[in-house]
Amino acid sequence: MINKQSNVYTIVYITVMVIVVGAVLAFTSMALKDRQEENAQADKKSQILQAVHISTTRSTVIADFNKYIVDQLVVNDKGEETHGEEAFTIDVAAEAKKPVGERLLPVYICQLPDAGTKYILPLAGMGLWGPIWGYVAFDADGSTVYGAFFDHQGETPGLGAEITKPAFTDQFPGREVFKGNDFYPIEVVKAGQKPLNPNVDYVDGISGGTITSKGVGAMFDNCLSPYRAWLEKAGNATKGANAYSTAANLVPADGNADASNTMRRLTTEDIATPKEGASVNIRATVTEAEQAAARAEAAADRTIAEKASAL
Amino acid sequence: MADKISNKQIFFNPFSKDNPVIVQVLGICSCLAVTAKLEPALVMGISVIAVLAFSNVIISLIRNTIPTNIRIIVQLVVVAALVIVVNQLLLAYAYDVSKQLSVFIGLIITNCILMGRLEAFAMGNKPWPSFLDGVGNGIGYAIILIIVGFFRELLGSGTLMGFQIIPQCFYEAGYVNNGLMILPPMALIVVACIIWAHRAWNKDLQEK
């Protein structure tokens, strides 16, 4: 009979136990890894789609994602597209901690049959107990919010966790981040209060979930600001393209077309022979397109100047 | 001693007479954390039943081999390993549930009811009674969680399982949700009220 109180027995026992338990855990983890990753990806896709008000089930999510998300880009804080990284695999939470200039910023371009092009941008930040994240969808103008989705790891149920509920997220659609030439990521204020700057669009926070609500506000500020240049560019391109298509009564041009390009086409081809019904507001729309192009150029100039001064 | 208590008693005693929460006053911390809403309370209850039952069985199976001086460590390892396996399985097969559970699943390891049952029962009993004891205590714990969650969600948010229960006309007439119910201290007060009612009913539990 072995002496169960001896040191040797204890050491052998604990060693065997650790090996067995380690093997069991390693086996479980290996055996389930593929499935778990698949689930995590499907979940991310369904979260992205929820930002544009599409709810899917586990079985349809991949098909829906491929149907609605027509393009995925990675941009930098100057609004330029970068290559070599895949948007979907970028760890947004890690990017959000880097200095603005080094961040890789994913953009999901979504094409909805009834509402047109939307840009979906990922957000990541901290709540009270742990990470919070979300996706915010912008209209093609690059300024108006179309929808928002938030999730969290472990905020208090009934308080901070309410950020996932429609009562909170439904406040976002219609808010604008560009006011004139200024960029204000949406603020989250205590319910009933107003932000210090009256120009800023804001939503009401959750009463009792102050720190989580502040976390959402900080997340918008931190994660949306680097997108400013890109949103401006995308918005201007759309405005230019829209002005062009309304004036010439044509099918909408590519939303990503360069504004100044559009201008050139507009002046050379169509103004000479305006189509009927469009001639009345052609002056107004041309002016708008001109302004859009001017703004885009100004933005480009600024970027060049910044680059020059950096050198 | 084990022979004197029937399996039926092992299973049903923890529901009321020997309830882990309101009689033994164990597991209060998780009671406080997960009962702001009914749904997490329910999910937590179910997970504790599963983990408690299986860890009781495993410890009971190996009870005669465990060296006495490291028994607590062995118990902890078994519970922690089980909790991780349950979490991994949920991640693979019930992703939505696991997202809600992710915070609470870690709490199960620190739940004193588990250590209490392993140490007090599974170390000295055969696997089948240990299994019944685990399920019984898990249910006893879950019942209290659900009662507390029911009152806190109903009075604090006006909903149950996320569905609006208190009609809109109440709010129009000036009714306001009691925000205090969502905060942790109210869990203790609700538990205390349950203990009060329970002891008023079971006079033999009252301390002299």
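The values are calculated or read from the model by the stated rules, or taken from the named source; none is laboratory data. Everything quoted here is computed from the prediction, not taken from an experiment. FYI the Cβ positions are ideal-geometry reconstructions off the backbone, even for glycines, and counts take in every protein chain you see.
Are any residues in segment A:145-189 surrounded by fewer than 21 Cβ atoms within 10 Å (Cβ to Cβ), within 14 Å of another protein chain (Cβ to nearest Cβ) and of a type in the set (D, E, K, R), and if so, which ones?
A:Asp151, A:Lys165
Do the conditions hold for A:Gly127, that is, is it under 21 Å from A:Pro226 (Cα atoms), of a type in the set (Gly, Ala, Ser), out of contact with any Pro (no Cβ under 9 Å at 6 or more places or on another chain) and at pLDDT 90 or above?
yes
With respect to B:Gln24, is the statement that it is more than 9 Å from every other protein chain (Cβ to nearest Cβ), under 19 Å from the mean Cα position of the chain (by Cα) and not in a helix (DSSP H, G or I) true?
Yes.
Among A:Val74, A:Val24, A:Val70, which is farther than 22 Å from A:Thr169 by Cα, under 16 Å from the mean Cα position of the chain (by Cα), surrounded by fewer than 16 Cβ atoms within 10 Å (Cβ to Cβ) and modelled with pLDDT of 85 or more?
It is A:Val70.
If you take the residues of segment B:77-99 that are among the polar types (S, T, N, Q) and within 16 Å of A:Phe27 (Cα to Cα), which of them is nearest to the other protein chains (Cβ to nearest Cβ)? Before the answer, list the steps.
At the first step, the residues of segment B:77-99 found to be among the polar types (S, T, N, Q) are B:87-88, B:98.
Retained after the next criterion (residues that are within 16 Å of A:Phe27 (Cα to Cα)): B:87-88.
Numbers: B:Asn87: 10, B:Gln88: 5 Å.
Result: B:Gln88.
Those residues that are facing chain A (nearest Cβ under 9 Å), under 17 Å from A:Met17 (Cα atoms) and surrounded by 17 or more Cβ atoms within 10 Å (Cβ to Cβ), I need them from segment B:27-69; list them, please.
Residues satisfying the conditions are B:Ile66, B:Pro67.
For B:Ile139, are the conditions met, namely being away from every other protein chain (no Cβ under 14 Å), surrounded by fewer than 18 Cβ atoms within 10 Å (Cβ to Cβ), under 23 Å from B:Ser47 (Cα atoms) and modelled with pLDDT of 90 or more?
Spelling it out, it is not the case that B:Ile139 is away from every other protein chain (no Cβ under 14 Å), surrounded by fewer than 18 Cβ atoms within 10 Å (Cβ to Cβ), under 23 Å from B:Ser47 (Cα atoms) and modelled with pLDDT of 90 or more.
Using beta carbons and a limit of 6 Å, which pairs, at least six apart or on different chains, have the first residue in segment B:6-18 and touching a residue at least 12 places away in the same chain (Cβ under 8 Å) and the second one exposed (fewer than 13 other Cβ atoms within 10 Å of the Cβ)?
none
From A:Gly134, A:Gly147, grab the single residue that is in contact with a Leu (Cβ under 7 Å, 6 or more places away or on another chain), assigned by TED's automatic domain parsing to the domain that holds A:Val74 and part of a strand (DSSP E or B).
None of the other options fit; the residue is A:Gly134.
Take the conditions in a helix (DSSP H, G or I) and more than 10 Å from chain B (Cβ to nearest Cβ) and apply them to A:Lys78. Does it pass?
Criteria not met by A:Lys78.
Can you confirm whether segment B:147-157 contains a residue that is exposed (fewer than 14 other Cβ atoms within 10 Å of the Cβ), more than 11 Å from every other protein chain (Cβ to nearest Cβ) and within 26 Å of B:Leu26 (Cβ to Cβ)?
Scanning segment B:147-157, I find no residue that is exposed (fewer than 14 other Cβ atoms within 10 Å of the Cβ), more than 11 Å from every other protein chain (Cβ to nearest Cβ) and within 26 Å of B:Leu26 (Cβ to Cβ), so the answer is no.
Would you mention how many residues in segment A:3-19 are surrounded by 11 or more Cβ atoms within 10 Å (Cβ to Cβ) and facing chain B (nearest Cβ under 9 Å)?
Looking only at that region, the number is 8.
Which of the residues that make up segment B:100-136 are within 14 Å of another protein chain (Cβ to nearest Cβ), among the β-branched types (Val, Ile, Thr) and within 17 Å of B:Ile72 (Cα to Cα)?
Hit for segment B:100-136 is B:Ile109, nothing else.
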